[in-house]
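Inspection log for the structure reproduced underneath, given as structure tokens.
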Amino acid sequence: MEYRSPTPVSIDQAEEAFSRGEVGEICATLISVALNIHDREWVESRIVAYLRHEDEILKRCAAVSLGHSARVHGAVGPEALATIRGLVANPAMVGSAEDTMSDIEMFTGRK
């Protein structure tokens, strides 16, 4: 895996990327919005949608994005917190969910 700095996107650009449905583009966009969009509630609404998606790759990308959002915004809303907690019970997601929970605790003080 190679690190690439995410390209900042606007909300309109992000919505367009999400609507195209391409997994790689969605993952990159989730990371970008978590790091660059200042509207935490909008960011979390998109992240939560992908945490609930059937595709495990998108769920993992959303989990990583939620950790980034927690760091950037210093907060996580109750719906996002409940959703990531719920993924701990999913054997395919437990590692990603626990990593995100650790990030949330580190950056927000919430467990």
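The values are calculated or read from the model by the stated rules, or taken from the named source; none is laboratory data. Every value quoted in this text rests on a predicted model; they were computed, and no experiment measured them. Don't worry about glycine lacking a Cβ; one is built from the backbone with ideal geometry, like all the others, and counts go over all protein chains shown. Only protein heavy atoms, including side chains, enter the accessible area calculation; ligands, DNA and RNA are left aside. Shrake-Rupley method; radii C 1.70, N 1.55, O 1.52, S 1.80 Å.
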Using mean projected area of the Cα convex hull in nm² as the read-out, say which of [x] 8.0; [y] 6.4; [z] 14.1 was calculated from these coordinates.
[y]
So which GluC sites (Glu not before Pro) in the stretch 1-64 are both in a DSSP loop and have at most 12 other Cβ atoms within 10 Å of their Cβ?
Glu2, Glu22, Glu54
With a 1.4 angstrom probe the carbon and sulfur portion of accessible area for the chain, in percent, totals 51
Counting other Cβ atoms within 10 Å, which trypsin sites (Lys or Arg not before Pro) in the stretch 48-86 have at most 15 and lie in a DSSP loop?
Arg52
Rounded to the nearest whole Å², what accessible area per residue is found for the chain with the 1.4 Å probe?
55
What's the magnitude of the charge dipole for the stretch 55-111 around its Cα centre, counting Lys and Arg as +1 and Asp and Glu as -1 at the beta-carbon? Answer in Debye, nearest 20.
140
Might you report the magnitude of the Cβ-based charge dipole of the stretch 20-76 about its Cα centre, with Lys and Arg at +1 and Asp and Glu at -1, to the nearest 20 debye?
160
Could you tell me whether the stretch 1-55 comes out rounded, prolate or oblate from its Cα gyration tensor? Rule is a ≥ b ≥ c as square roots of the eigenvalues, rounded for a/c under 1.5, then prolate if a/b exceeds b/c, otherwise oblate.
rounded
Go through Met93, Leu51, Val76 and say which Cα lies farthest out towards the positive end of the charge dipole of the stretch 26-111; charges sit on Cβ, +1 for Lys and Arg, -1 for Asp and Glu.
Val76
Compute, for the chain, the length of the dipole vector about the Cα centre, with Cβ point charges of +1 (Lys, Arg) and -1 (Asp, Glu) only. Units Debye, rounded to 20.
340
